[in-house]
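Just so you know, all these numbers are worked out from the coordinates, no wet-lab data involved. Owing to the predicted nature of the structure, the values given are computational and were not obtained by experimental measurement. Neighbour counts run over all protein chains shown; Cβ positions are idealised from the backbone, glycine included.
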Amino acid sequence: MSKEIYLTGITTTGTPHIGNYVGAIRPGIAASKDLSTDHFYFLADYHSLAKNEDPDKIVRSTLEIAAAWMALGLDTRHAYFYRQSDIPEIPELTWILHGMTAKGLMNRAHSYKAAVAANEEGGNRDPDKGITMALYSYPILMAADILMFKSTKVPVGQDQKQHVEMARDIAQRFNHNYRETFVLPEAVIGENTAVLKGLDGRKMSKSYNNTIPLFANEKALRKLIMKIKTNSLEPGEPKDPGDSTLFDIYKAFATPNEVADIRKQYAEGIAWGAMKQLLFEYINEHIKPARDEYERLISNPADIEAELKNGAERAREISVPFLARIRDAIGIRPLG
Ligand code: TRP
């Protein structure tokens, strides 16, 4: 069997939070230590255009996400670590794939449908109000990301599974219409990776504004943890770990033995204040070494830039010749 190729993108909107860490960064870095497989991790900065984000925010987010992966120990000599916009073959392939994508397929994309539904609920006469073509054809850009590097496995959250299936459809159609060119990718949904809850008990997400930034400084981290929603049970009353954001977050960081101990403390009625303090100390200790490195990197953006440029150079050793083959397949060729 040929080598598995793992690839995943991170949209450059927002600051990395502990939900991203537990759900994507930590498992990604761990997986990339397996030298029998190849790994591509990239900053999906063109994807961030779908929502017309403030340019300075995109730059900042790109810097922070790159610094986070590097500070946490991604081995960038083995893994390919790059910025999407440094690979001009990706937007070029995106356009080529537009020719292989049924408009009806895009109509069915959950993210587009959700935007239309929001307009309809809001009583807008135009259901497409505020929806850009970049949002509409977002899955095609994502297909280009995936197909360009012949990815076999695409680790994503549940919400992105449909996009990977669309990439597969588009690839199949291309292979059928032209010649066998693309590898069919498969989504990998991390079943063991926790989906963390945020401060208010809903899923931790930048869109809910309920996140705990991964590299918040000590003071800010403590303040945020103290804000996590609990119920009104008093100290001494037994508490249910099955219904506790504090417990869920602790569990995502701690060892099984430590978790078993906290379970006992819940049964014995640990006070919420004490649990918050304990969680703060635990996460702070866990994150501290990487946070120091993160801060160093953030104040040396040229080091990050060099790393990304290097990653793009390696990735283009693949994308440049592959795009030449793709163009040949569709009849965009030199004359004579
Ligand atoms: N759309 C993905 C998200 O929002 C990010 C992404 C862009 C991606 N390109 C990708 C994920 C390619 C996997 C593969 O999470």
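Going from the fewest other Cβ atoms within 10 Å to the most, the residues Glu258, Glu180 appear in the order Glu180, Glu258. Each Lys and Arg Cβ is given +1 and each Asp and Glu Cβ -1; about its Cα centre, the chain then shows a dipole of about 460 debye.
Between Arg202 and Arg77, the simple spin-label model (points 7 angstrom out along Cα→Cβ) gives 4.5 nm. Most tightly packed first, judged by the mean number of other beta-carbon atoms within 10 Å of their residues, the peptides 217-228, 35-46 read 35-46, 217-228. Note on the chain: dipole from Cβ charges, positive end direction compared against Met133, Ile270, Gly242; the farthest Cα belongs to Met133. Annotation: peptides 117-127, 89-99, 247-257, ranked by per-residue average of other Cβ atoms within 10 Å with the highest first, follow the order 89-99, 247-257, 117-127.
Sparse packing (at most 10 other Cβ atoms within 10 Å of the Cβ) combined with a DSSP loop state is found for the following trypsin sites (Lys or Arg not before Pro) in region 22-88: Arg77.
Give me the dipole magnitude in Debye, nearest 20, for region 76-160 about the Cα centre, with unit charges on the beta carbon: positive for Lys and Arg, negative for Asp and Glu.
220
Derived scalar couplings between HN and Hα for region 3-20 equal 4, 6, 10, 9, 9, 8, x, 10, 5, 8, 10, x, 9, x, 10, 5, x, 5 Hz in order, rounded to whole Hz, by the Karplus curve 6.51 cos²θ - 1.76 cosθ + 1.60 (θ = phi - 60°), x for Gly and Pro. In this structure, Thr230 and Ile189 have a Cβ-Cβ separation that, at R0 = 22 Å, corresponds to a calculated FRET efficiency of about 0.15. When only alpha carbons are used to place a centre, region 68-146 and region 313-328 end up 21 Å from one another. Pairs from the list Lys51/Lys309; Lys197/Lys264; Lys227/Lys309; Lys153/Lys264; Lys51/Lys103; Lys150/Lys203 with a Cα-Cα gap above 28 Å: Lys227/Lys309; Lys153/Lys264; Lys150/Lys203. What is region 189-294 by shape, rounded, prolate or oblate, if you read a ≥ b ≥ c off the alpha carbon gyration tensor as root eigenvalues and call it rounded for a/c under 1.5, prolate for a/b larger than b/c, and oblate otherwise? Because its axes are fairly even, with a/c under 1.5, region 189-294 counts as rounded. Annotation: the chain has a Kirkwood hydrodynamic radius of 21.8 angstrom, from the mean reciprocal C-alpha pair distance.
Each Cα pair under 8 Å and six or more residues apart adds its separation to the average, and for region 190-336 the resulting relative contact order is 20 percent. In the chain, the DSSP beta bridges split such that about 10 percent are antiparallel, to the nearest 5.
Per-residue ellipticity at 222 nm computed for the chain from its helices equals -16000 deg cm²/dmol, with DSSP H segments shorter than 4 residues left out and the rest contributing -39,500 (n - 2.57). For the chain, relative contact order (Cα pairs under 8 Å, six or more residues apart, normalised by length) works out to 22 percent.
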